[in-house]
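> My structure is below; once you've seen it, I'll send some questions.
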Amino acid sequence: MLPFLLAALGFAWFAYDSGLEFAGFHRGETRRELTALRASLIRLTDENVQLGRMVAQYQQQIQMEQGRSEETVRQLKILGDEKTRLQEDLNFFQNMTETDGRENELAIHRLSLEHDKIPGEYRVRMLLAQGGQRAREFNGGYQLVATIVQNGHKTTVLFPQDVSGHAQFPLKFKYYQRLEQNIHLAPDAQLQNIQVRLFEQGAREPSVRQSVNPA
């Protein structure tokens, strides 16, 4: 009986396997295809990782190039602004030498007041000049007096800030001097104007006053 059962089972397995092959299902070929697919998957995964690294490197290079380009543009703008200021200075002094000015006459030219990027910060620009061909050296200082409105009240703020109110930024030049000075106010303060005061050395009263409003 047992040999008969074994023979029957063997015949059934042979028939099943033969049926699969007859239907196009070949085990050996399928295993080879699965092995090839796994190898392709591993290769594609490695290539994807390498491509991801290359993309990251290219993005970093692009960002660096953009940064260098922006820095170049910024430097060119600074040089252009400086060239413009120098040309303005040259034109100013050419006109000054062609006109009759009083000897040693001190004056403030091209006074401007601009709001900086930081809230409450302002920049004052000016050009100081003495008339005449034999100008003596100017020794003294200057103050900036800001008129502001804060909490509904108008008040003044002196720069440089000092309890006595007599502190001055030092100033020494002969023919001309270009100045830039930053001041800081409370962010909620509304600046109305700034007055520039020029003092001779040892003097309590300014020899020149000039005011400017924010641009």
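The values are calculated or read from the model by the stated rules, or taken from the named source; none is laboratory data. Quick caveat, the model's predicted, so the values are computed rather than measured. Every residue, glycine as well, gets a Cβ built from its backbone with ideal geometry; the counts of neighbours run over all protein chains shown.
> Inspect all residues belonging to segment 79-93 and state whether any of them is modelled with pLDDT under 75 and more than 35 Å from the chain's Cα centre (by Cα).
No, segment 79-93 contains no residue that is modelled with pLDDT under 75 and more than 35 Å from the chain's Cα centre (by Cα).
> Oh, and also: Mind listing just one residue for me: the one in segment 105-121 that is farther than 17 Å from Leu198 by Cα and acidic (Asp, Glu) and, of those, nearest to the chain's Cα centre (by Cα)?
Asp116
> Oh, and also: List the residue pairs whose Cβ atoms are under 6 Å apart, where the first residue sits in segment 166-192 and is under 30 Å from Gln87 (Cα atoms), the second is surrounded by fewer than 15 Cβ atoms within 10 Å (Cβ to Cβ) and polar (S, T, N, Q), and the two are 6 or more positions apart or on different chains.
Partner pairs satisfying both residue conditions: Lys172/Asn139.
> Could you tell me how many of the residues in segment 130-155 are at pLDDT below 85, on the phi < 0 side of the Ramachandran plot and surrounded by 10 or more Cβ atoms within 10 Å (Cβ to Cβ)?
So the count comes out to 4.
> If you take just the strands (runs of 3 or more DSSP E) that sit entirely in segment 118-215, which of them hold at least 2 residues that are closer than 16 Å to Leu106 by Cβ?
121-130, 138-150, 169-173, 176-184, 190-200, 208-212
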